Amino acid sequence: MEGRVAMELRDRAAMEAVVPEGGGAFVLCLDTSASMIGQPELAAKTITFLLASRAMQECRPLALLAFSGAVDVPRRVLVMPQGTRTGVGGMESHQGRVAGLRALFDLLCGRFGGGTDLRQPMDMAMDLIEQEEPFRNADIVLVSDGVFALNDTMVDRLNVARERQGVHVHGVMLGGGGIYNSDNGVAFHQLCDEGQLHSVNLNAMDW
C-alpha cells in the first residue's frame, strides 16, 4: 500500500485538486455512515461542498450519492448545467448552479448514521456511467473514512468500465495519522486508481 497515497490534503487548494481533470461529468459518493460522525463528518461535508461547488462553477454534470447502510437507499441528487436535460433515472434533479447549491446544502444538512454499504452507490454510479449520456466516461470520487468492504462483483464491474470507458476512481480518505497502515485503508487502496487516493489527517487540521 505504501506510495499509493497521492498527497495529504491540508488546504482548500489541495482539496479542489481532487476534482477530476478534463471538464467532464463526475459522480461524487459521500459516506454518511455512523463511523463518520464527528470530525470526519465535518471534514467530509466541507470537502464535498468544495468539490461540488467547483463542478457547478465549471458547468459540469454532477451526481451526488450520499450513502450509508444496506437498508438505507442512498440520497441521490443530480445537478446539470443550465439548459441541459435533467430527468435521469428517477434521481432528484436540479438545473443550474443556484438550484444545485440549494440541493447541496439540503443534502449536507442531513445527519450521518447507520452502517456502510458501498455496493449501492457504486452500482448507481456504474448505472449512470453505462446508461446515461451525460455521464458516459464520467469519473468517480469517493469521500469516506475507508471503513467499508469490497466484493468481487463490484470490483469486476468497475474494472470493465475502466477498460471500456476510461473511468477513473479518485478517493479522499479521512482519518488520523497512520490510518493508511491499518485494515481500514486496504479496500480504499484497492478501489482507487494508482496515485488517486488522497488523505486527510484530521489530527492535523482545524475543522
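Bear in mind that the values in this text are calculations on the coordinates, not laboratory data. Keep in mind the model is a prediction, meaning the values are calculated, not measured. Ideal geometry is used to build each Cβ from the backbone, glycine not excepted, and the neighbour counts take in all protein chains shown.
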- Kindly list the residues of the range 120-140 that lie in the label zone of R157, defined by a backbone N under 14 Å from the point 7 Å along the Cα-to-C-beta vector. 120-132
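What length, rounded to one decimal in nm, is gained on full extension from A99 through to D123, with 0.36 nm per residue of separation minus their alpha-carbon distance?
Extra length available between A99 and D123 comes to 6.0 nm.
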- Message: Between D72 and D106, what is the label-point separation in nm under the 7 Å Cα-to-beta-carbon projection?
- Response: 1.9 nm
- Amide H to amide H under 5 Å from G114: which residues, 5+ apart in sequence or cross-chain, H placed 1.01 Å off N in plane? A34
